Amino acid sequence: QKNFAALKSKSENSEVSLEFLLKLPGVLKENKPEVTEDLDQLVQKTVKKALNQYEASRKREGQQLAVDIVSRFKAINKRRIQVDRRKDHVVDSYRKQLLDRLEHSGLSDLAEDERIIREVALFADRSDISEEITRLGVHLKEGERLSRLKDPIGKNMDFLLQEMAREINTIGSKANDLEISQSVVDMKTELEKVREQIQNIE
């Protein structure tokens, strides 16, 4: 009634403007959406679906990482086997080089000398990498086992990689052989790639 009176009074004096009409109480009404139970359920369902998709994506990524890591461990093990087959050649090669030097020096009669035999034995002991090769093989098997677990393995794997690196470095420092040195470089390269992958694993 008051609105009508105001409108009538206004209209008698001048034209009624749109701005005036919009300012009248009750002319404009703001509609606020009500949160219904159905909407709440829809939100929960959407969030749950998104979380499930995220979890599935992480699982697929983890499986792909595991496959890659295991393949690199197998590549390292292949080189380890090559080193194991080569290690006996290192001592034989050293003995041959030593005897060749004696022969060229006109001292071939010293080939059976106790000092020469002792020198070869000392070299064989210093360059023996049998234990390192064995331990590296054990570490690689453990690495493959960890890679297939569903539990978080980041810390355990990181520690294991440090042990592998220690054995590989020792093999490289003890074995005085070009072929073994190349295998050591290849193993280090693969190990570093595994280390990079581990950064993406919990």
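Worth pointing out:
- Spacing of the modelled spin labels on residue 166 and residue 85, each 7 Å from Cα toward Cβ, amounts to 3.0 nm.
- Solvent-accessible area of residue 163, all protein chains in place: 40 Å² (probe radius 1.4 Å, heavy atoms, ligands and nucleic acids excluded).
- When the charge dipole of the range 136-202 is built from unit charges on Cβ atoms (+1 for Lys and Arg, -1 for Asp and Glu) and taken about the Cα centre, the candidate among 170, 184, 159 whose Cα reaches farthest toward its positive end is 159.
- Listed pairs 74/174; 78/155; 45/150; 141/193; 87/193 exceeding 21 Å between Cα atoms: 74/174; 78/155; 45/150; 87/193
The values are calculated or read from the model by the stated rules, or taken from the named source; none is laboratory data. The structure displayed is predicted, hence computed values, not measured ones. Every residue, glycine among them, receives a Cβ derived from its backbone with ideal geometry; neighbour counts consider all protein chains shown. In case anyone asks, the SASA skips ligands and DNA or RNA and just uses the protein heavy atoms, side chains included. Shrake-Rupley method; radii C 1.70, N 1.55, O 1.52, S 1.80 Å.
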